[in-house]
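The values are calculated or read from the model by the stated rules, or taken from the named source; none is laboratory data. A quick note: this is a predicted structure, and the numbers were derived from the prediction, not measured. As a convention, Cβ positions derive from the backbone with ideal geometry for all residues, glycine included, and neighbour counts pool all protein chains shown.
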Amino acid sequence: MTATRREFLRYATGAGVGTALGGLAGLGLTLAPARAKAQALRIKDSKTVPSICPFCSVGCATLIHVKDGEIINIEGDPRSPHNEGTLCPKGAAIYQLHRNPNRPTKVLHRKPGARDWEVVELGWAMDRVAELIKKTRDETFVERMPDGKLVNMTTSIFALGGATLDNEFNHVAQKFCRGLGIVAIENQARI
Ligand code: SF4
């Protein structure tokens, strides 16, 4: 079937059609064979490892394709009873956790009032973070409420975890934060 450019745009962006692929389906076109072929070529001769998306508690099942020791593709596992091979946009981007040329690989610091970022040593940055946490906690620590109730907390530090942190890290991070008296603890996956 042929379609004019106008028809293509109407179907790809029209109300009730969520995606460009949906629009193509509306025209009676399907990219499934081409997509399947391209995917088959990409993962040809790769080893498939089952895994789980780390981003949220839905825990969608994934298949990781590995070739020559490198991850070359990650997709939903069609055998999974709850995600049935699908992944949400976050999950569909898991590959970029492993391969992403845009990811900064050096520690950057911008001094107060400065316009530019400077590359600094990780050790220096860790010391600086520890120094600021201690200073903030010392300055804001609340031992008791006005009515005398013991609270031992600081409300001036907020801890935000990333969705790719694993259980073990989160366990230690919770203990660390609560040990400091931090009560505002959240995770990026819930925001
Ligand atoms: S982030 Fe998306 S793909 Fe990952 S487990 Fe949650 S719903 Fe599934």
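In table form, for the structure just shown:
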item	result
ALA114 being modelled with pLDDT of 95 or more, more than 13 Å from the ligand (Cβ to nearest atom) and either surrounded by 13 or more Cβ atoms within 10 Å (Cβ to Cβ) or in the same structural domain as ILE157 (by TED's automatic domain parsing) (or both)	no
LYS175 being outside the structural domain of VAL66 (by TED's automatic domain parsing) and surrounded by fewer than 11 Cβ atoms within 10 Å (Cβ to Cβ)	yes
Qualifying positions in the range 40-85 - near the ligand (Cβ under 8 Å from one of its atoms), over 15 Å from the mean Cα position of the chain (by Cα) and either touching a residue at least 60 places away in the same chain (Cβ under 8 Å) or not in a strand (DSSP E or B) (or both)	ASN83
ALA184, sole failed condition from (1) over 30 Å from ASN73 (Cβ atoms); (2) in the same structural domain as GLU75 (by TED's automatic domain parsing)	(2)
Within the range 30-67, considering residues that are among the charged types (D, E, K, R) and farther than 29 Å from GLY162 by Cα, the one surrounded by the fewest Cβ atoms within 10 Å (Cβ to Cβ)	ASP45
Verdict on LEU108 being within 16 Å of the ligand (Cβ to nearest atom), within 23 Å of the chain's Cα centre (by Cα), in a strand (DSSP E or B) and surrounded by 10 or more Cβ atoms within 10 Å (Cβ to Cβ)	no
Filtered residue count, the range 77-95, keeping only those that are surrounded by fewer than 13 Cβ atoms within 10 Å (Cβ to Cβ), farther than 15 Å from HIS65 by Cβ and of a type outside the set (D, E, K, R)	3
Flag if ALA130 is of a type in the set (A, V, I, L, M, F, W, C), within 27 Å of the chain's Cα centre (by Cα) and at pLDDT 95 or above	yes
Residue within the range 136-152 that is assigned by TED's automatic domain parsing to the domain that holds ASN187, over 30 Å from ARG42 (Cβ atoms), without any contact (Cβ under 8 Å) to a residue 40 or more places away in the chain and within 16 Å of the ligand (Cβ to nearest atom) present	no
